Amino acid sequence: MEEKTEEGYLRLSFDDTNVARNLFGPRDENIKYLKKYFNIRTSIRGNHLTIMGNKKDIDNTNRVINELQGIVRKGLAINQADIDHAVRYLSHTKGDMEELHKDQIYIMPSRKLIAPKSKNQKRYLDAIKKYDMVIGIGPAGTGKTYLAMAMALSSYFRKEVSRIILTRPAIEAGEKLGYLPGTMYEKVNPYLRPLHDALFDMVDMDRATRLIEKGVIEIAPLAFMRGRTLNDAFVILDEAQNTASEQMKMFLTRLGFSSKTVITGDITQIDLPDKKTSGLVEIQAVLKGVKGIRFVYFSEKDVVRHPLVQKIIRAYESRKAVLEDIKNAERKS
């Protein structure tokens, strides 16, 4: 890429047409989207992009484009969510986003490449590679379940494990499962839908269905894990904040030989009855310092959903801090 800078504008020329096309996006939507963050005007002619505005906005826009270009050259598609994350990442660090994309996860049948989009996501993947048990804690939308699913599929297709087990607690949201119509599978299936969604996003539905029918991939409520020993498996426990203390202990002791376990959850969204202790909250103290186990914590900066999600999480955290200050003041008085 060649750069030509003059007062008030920057002209970028890309030598690879495919890179330019993928970077600009359909109907140049990716470049237009940058105007959401920077006070700029743009002009595109073929492989040439001209950015006009003040020096600060031009420099920041150029920095984002340079980072995204490195990702595109690795064969990864760029969308608006990637731009959102690139802007947030570069505003909080001087690091190189391309470093994150060195840890790509390759899903063999679909030839899909999945890469971490924040330093905490990279730490998470590094931990899963190194440790037999990893606990990822953080708000919704930070990629905890999605990346764990990608690692599980990658491990299976590389023949590192012989099966994948996906589980989560089926918390009854105001209704007793026994009173709902249908078979037990039909009753618990809505609770397991997020795991299905992540699976079908990485492997085509026909192949995924065949693997489920063969028992290679098992998606089941946490209660179905009791009494089992899970050997040669990649096991994911999702929504672990909704496990009771005894359920968490039961699950942790299922781990067998040649197996790997990833536990994910958000301790700010616990749906258990008030008197019950969350197993995910408890294990932070119980398992602290245990060798072979790694905790990875995420924050709103790692959110890879709509930008409003990050703002919503931050708003709730601010409200929680205010309420805690009020309670502390009341105790002192």
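Structural remarks
- Label-to-label distance for E213 and I267 is 4.4 nm, based on points extended 7 Å past Cα in the beta-carbon direction.
- Stretchable slack from D126 to D274, in nm (0.36 nm times residue separation minus alpha-carbon distance): 49.8 nm
- Amide H contacts under 5 Å for M133, placed H, 5+ residues apart: T261, R294
- Extension gain from Q284 to Y106, taking 0.36 nm per residue of separation minus the Cα-Cα distance: 61.0 nm
- D by Stokes-Einstein for the stretch 1-83, Kirkwood Rh over Cα pairs, 20 °C, 1.002 mPa s: 170 µm²/s.
- The relative contact order of the stretch 1-75, computed from alpha carbon pairs under 8 Å that lie at least 6 residues apart in sequence, is 32 percent.
- Descending principal axes extents, the stretch 201-308, alpha-carbon based, whole Å: 41, 40, 30
- 3J(HN,Hα) along the stretch 255-266, derived from phi through the Karplus expression 6.51 cos²θ - 1.76 cosθ + 1.60 where θ = phi - 60°, amounts to 4, x, 6, 6, 10, 9, 10, 10, 10, 10, x, 10 Hz, with x in place of Gly and Pro.
- A straight chain from H196 to H48 at 0.36 nm per residue would run longer than the Cα-Cα distance by 49.1 nm.
- Among the protein heavy atoms, those of F157 account for about 40 Å² of accessible surface (1.4 Å probe, every chain in place).
- Each residue, M205 and A81, gets one label point 7 Å from its Cα in the Cβ direction; the gap between the two is 1.9 nm.
- In the stretch 211-253, the ratio of gyration radius to Kirkwood radius, Rg to Rh, stands at 0.96 when only Cα atoms are counted.
The values are calculated or read from the model by the stated rules, or taken from the named source; none is laboratory data. Just so it is clear, the model here is predicted, and its values are computed rather than measured. Virtual Cβ from ideal backbone geometry, glycine too; neighbours counted across all protein chains shown. SASA here: full protein model, heavy atoms, side chains in, ligands and nucleic acids out. Shrake-Rupley method; radii C 1.70, N 1.55, O 1.52, S 1.80 Å.
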